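Here the structure is laid out as structure tokens; the discussion comes afterwards.
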Amino acid sequence: MRIFSGMQPSGDLHLGNYLGALRQWVASQNPDAFYCVVDLHALTLPIEPATLARQRTELFATFLAAGLDPEVSTVFFQSDVAYHAQLNWLLECVVSFGELGRMTAFKEKAARAEGYRVGLFTYPVLMAGDILLYETEEVPVGDDQRQHLELCRDAAQRFNHRYGETFRVPRAVVPPVAARVMDLQEPTRKMSKSLSSPLGSIFLVDSPEAIARKVSRAVTDTDGEVRPDRERKPGLTNLLEIFASFEGSPVESVAERYTRYGDLKRDLSELVVSSLAPIRERYSELLAAPEHLAGLAARGAAAAAAVAGPVYQRAARAMGLG
Ligand code: AMP
Ligand code: TRP
């Protein structure tokens, strides 16, 4: 199965990134799968060069620490494969200004960024190119990326219609539970790298103590009944979903086992700590060997370019170039 997905090196990964995306990638990896540190995307918001340089390496290490195996699938940096930037331009001349203006992620980010960059607006075009370059069938992502995937499908179909059959039309694959992990302090808002309150997000690199503190302080409700109800009990439901996702069982079967919030939180905290501990350990080991990481990234980039090159050439020729 041809799979492509990517993540921005814009800060430490949290449980939403892990359960919504990265863990699905690990489960679905195969010789035909491509996982990308989309470092060009990180330039759409202000970021110090030294910070980006550090974070892109850290994200690559996190991918491997979480279980992506470069011996099985292709793991690489977006900026190492120039076809991404090249196809971006061709697609910018296919996608309309109006449809980009409807992207909710853009509207949310633009409202917060004064004098935002053009790249923030055209970001979904670059993303569409990422996916289309690999003749991707499935794109495992969290719920918040659905709209970007629709744009990608529209762009592919329009291109094929206008210039002849060139791109495969991909589909989003969203996990059955934890596709939208919520902030632990404000459970009506999604857990995020930038916006959350200090106790709202659990990061993969958090210490066991920090995890326990965040889970125990998570906002719930006062009716005292352990049952999933996203509308009326968003905080508790979020905890049940995180639990179910780590355990790989239905939300209801977790809820049935508990009568007290405190017991649920205690067990959840243990489950999160024990699930993340091996990742944290491997992560430190990997970061201690930067040459090894660089070698793996170079191999990944070469393998990615071998697939992306012919697709890019085909698209350029279809438009009358080359
Ligand atoms: P980002 O943090 O925007 O780079 O997202 C990287 C991946 O994590 C994407 O596939 C997102 O859909 C997913 N993701 C981000 N936040 C959440 C969340 N709160 N719950 C579930 N998935 C998420
Ligand atoms: N926009 C995605 C996010 O914020 C990151 C991304 C860029 C991506 N290119 C991609 C995800 C291609 C999947 C496929 O999470």
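A few points about this structure:
- Residue check, ALA21 crowded, with 21+ Cβ neighbours inside 10 Å, in the same structural domain as ARG153 (by TED's automatic domain parsing), of a type in the set (Gly, Ala, Ser) and out of contact with any helix residue (DSSP H, G or I) (no Cβ under 8 Å at 6 or more places or on another chain): yes
- Hey, SER194 in a loop (DSSP other than H, G, I, E, B), surrounded by fewer than 22 Cβ atoms within 10 Å (Cβ to Cβ) and more than 10 Å from ligand 2 (Cβ to nearest atom) or not: yes
- In the stretch 1-22, the residue that is nearest to ligand 1 (Cβ to nearest atom) out of those that are assigned to a loop (DSSP other than H, G, I, E, B) and closer than 19 Å to ASP130 by Cα is GLN8.
- Members of the stretch 4-56 found to be charged (D, E, K, R) and within 22 Å of LEU239 (Cα to Cα), listed by number: ASP12, ARG23
- Only one entry in ARG54, ARG23 is free of Cβ contacts under 8 Å to residues at least 24 places away in the same chain and of a type in the set (Lys, Arg), namely ARG54.
- Selection of the stretch 244-263 for residues being part of a loop (DSSP other than H, G, I, E, B) and either among the aliphatic types (A, V, I, L, M) or under 12 Å from VAL177 (Cβ atoms) (or both) yields GLY248, SER249, PRO250.
- Residue pairs whose Cβ atoms lie under 6 Å apart, sitting 6 or more positions apart in sequence or on different chains, and linking a residue in the stretch 2-14 that is closer than 16 Å to LYS190 by Cα to a partner that is hydrophobic (A, V, I, L, M, F, W, C), are ASP12/PHE203; ASP12/VAL205; LEU13/LEU204; HIS14/MET191; HIS14/PHE203.
The values are calculated or read from the model by the stated rules, or taken from the named source; none is laboratory data. Since the structure is predicted, the reported quantities are computational estimates derived from the model, not experimental observations. A quick note on method: Cβ atoms are made from the backbone with ideal geometry, for glycine too, and the neighbour counts reach across all protein chains shown.
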